[in-house]
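Structure record follows, encoded as structure tokens.
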């Protein structure tokens, strides 16, 4: 395979080899966790203590600093997982499967967090914890999808088969992602449409927006760090029979 | 393709006693709602579209497990895969056959169940139409789920977990059409969306299911 031996491709394979990734992921995970953790703390104190009160919702709006970052990160997580699934199915990179596997619990937690914080926020603003509007329902579907991925990966004992089946499920469920994203624009929902816009005008005062953006960036860092940490464990687990893992853990010579 | 369809049809026909089960299940589930919620005919008429759809959905789920099971067990899946016949063609045949024996049968039952739930008779043609379309999507998407779990020994509950989230849009559009008609407003929008969904699922799902099935065959 002449094609597969081009320098870029060779570099890519070396970079994604589990031992290499295990090593380079460590400082990244640590750095992202520290930066993200500190930034999240700053953003939450800023948002909870110093940001102004909302003229309509009073103090209850402050849960936005949990709700929006977790919801946004859960969608970004699903998008990354779809990309990983394509990489896994098309180029059969082992590392993509390992990362994908460990994205599942993190994505599941983020989705649940978004739903729960939304429900708590819904009570004072809408008068109910839950309504069956398009945004909430499609988000609930995403939660079900994450549970389904987890279930199928656990149920299939053969590693490779479990990875591929999960990747296919991720891609099939991908249709739900644009539905979540644009549900607030396509239908008349109780949930408000997006406030922060990359193109066009953002309808939020700076004193609220700044801590919100900071909390989002911080959440992304923490989430990335969590995935890196978990991927390192996954690598150790899957490669536990190999020599380098035995060396790494200092197990050789004892058994 | 005709040969594959004929084969599926014959195989199903020889196991017709198994095919009755989802239909009986459907009847029983529908019977649970009036007993569990209210026997009041007026309230039942409002609930009827939802009850019919949920029961049909559950009955379909129950029957999906068998879609690839026997062929996987007796090795005929591998035979087809190595024979040069595209797996997607086999899957399309299985989908159509599954719909014929389960989806269409459930659809044909629905007027009777609708009567028991006091659904207005004027809505029966629409109910038949949307259920026929909806169960076709159920069979099609269900094929992906069934293919994913084909190699597993105990897969019934897992299959439900995988497939139910994907069935939700069908349920919403299906009940939406009947409810719109019940309320006297136009049902064209949800009905067209459902038809579009059926076309898209039928065009794409065989390929996805083929990829999934290939995994369990290689295993």
(request) Could you list, in sequence order, all residues of segment A:162-175 that are surrounded by 18 or more Cβ atoms within 10 Å (Cβ to Cβ) and at the interface with another protein chain (Cβ under 8 Å from one of its Cβ atoms)? (result) A:164, A:165, A:168, A:169, A:172, A:173
(request) Test residue B:45 against the criterion of being farther than 20 Å from residue B:142 by Cβ, modelled with pLDDT under 85 and in contact with a helix residue (DSSP H, G or I) (Cβ under 8 Å, 6 or more places away or on another chain), and give yes or no. (result) no
(request) Kindly check whether there is at least one residue in segment A:120-131 that is facing another protein chain (nearest Cβ under 10 Å) and over 16 Å from the mean Cα position of the chain (by Cα). (result) no
(message) Within segment B:2-18, does at least one residue satisfy the condition of being touching a helix residue (DSSP H, G or I) at 6+ places or on another chain (Cβ under 7 Å) and either closer than 30 Å to residue B:120 by Cα or assigned to a loop (DSSP other than H, G, I, E, B) (or both)?
(response) no
(request) Evaluate the following for residue A:211: is it surrounded by fewer than 13 Cβ atoms within 10 Å (Cβ to Cβ), over 21 Å from residue A:96 (Cα atoms) and more than 14 Å from chain B (Cβ to nearest Cβ)? (result) no
(message) Looking for something away from every other protein chain (no Cβ under 11 Å), out of contact with any strand residue (DSSP E or B) (no Cβ under 8 Å at 6 or more places or on another chain), at pLDDT below 95 and under 23 Å from residue B:70 (Cα atoms) - is there at least one such residue anywhere in segment B:160-168?
(response) no
(message) Exactly one of these conditions fails for residue B:65: (1) crowded, with 16+ Cβ neighbours inside 10 Å; (2) farther than 25 Å from residue B:136 by Cα. Give me its number.
(response) (2)
(request) State which residue pairs qualify: first residue facing another protein chain (nearest Cβ under 7 Å) and inside segment A:142-160, second residue modelled with pLDDT under 90 and outside any helix (DSSP H, G or I) in any location, beta carbons under 7 Å apart, and separation of 6 or more residues or different chains. (result) A:155/B:152; A:156/B:152; A:158/B:219
(message) Can you tell me which condition residue B:144 does not meet? The list is (1) in contact with a helix residue (DSSP H, G or I) (Cβ under 6 Å, 6 or more places away or on another chain); (2) under 18 Å from residue B:87 (Cβ atoms); (3) more than 9 Å from chain A (Cβ to nearest Cβ), and all the others hold.
(response) (3)
(request) Could you tell me whether residue B:202 is touching a residue at least 60 places away in the same chain (Cβ under 8 Å) and assigned to a helix (DSSP H, G or I)? (result) yes
(message) Condition first: surrounded by fewer than 21 Cβ atoms within 10 Å (Cβ to Cβ) and either in a helix (DSSP H, G or I) or under 12 Å from the mean Cα position of the chain (by Cα) (or both). Now tell me which residues in segment B:124-160 satisfy that.
(response) B:124, B:125, B:126, B:128, B:129, B:132, B:156, B:157, B:158, B:160
(message) Taking the conditions exactly as written (in contact (Cβ under 8 Å) with a residue 24 or more places away in the chain, closer than 27 Å to residue A:85 by Cβ and surrounded by 20 or more Cβ atoms within 10 Å (Cβ to Cβ)), does residue A:113 satisfy them or not?
(response) no
(request) Would you point out which residue out of A:135, A:101 is crowded, with 22+ Cβ neighbours inside 10 Å, more than 9 Å from every other protein chain (Cβ to nearest Cβ) and more than 26 Å from residue A:229 (Cβ to Cβ)? (result) A:135
(message) Looking at (1) more than 17 Å from the chain's Cα centre (by Cα); (2) crowded, with 17+ Cβ neighbours inside 10 Å; (3) in a helix (DSSP H, G or I), which one does residue B:192 not meet, given that it meets all the others?
(response) (2)
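Which one of these is at pLDDT below 95 and at positive phi: A:47, A:118, A:58? Give the steps one after another, and end with the answer.
Working: A:47 fails: at positive phi; A:118 fails: at positive phi.
After ruling out the rest, the residue left standing is A:58.
The values are calculated or read from the model by the stated rules, or taken from the named source; none is laboratory data. Here the structure is a predicted model, which is why all the values come from computation and not from measurement. Using ideal geometry, Cβ is built from the backbone for each residue, glycine included, and neighbour counts are taken over all protein chains shown.
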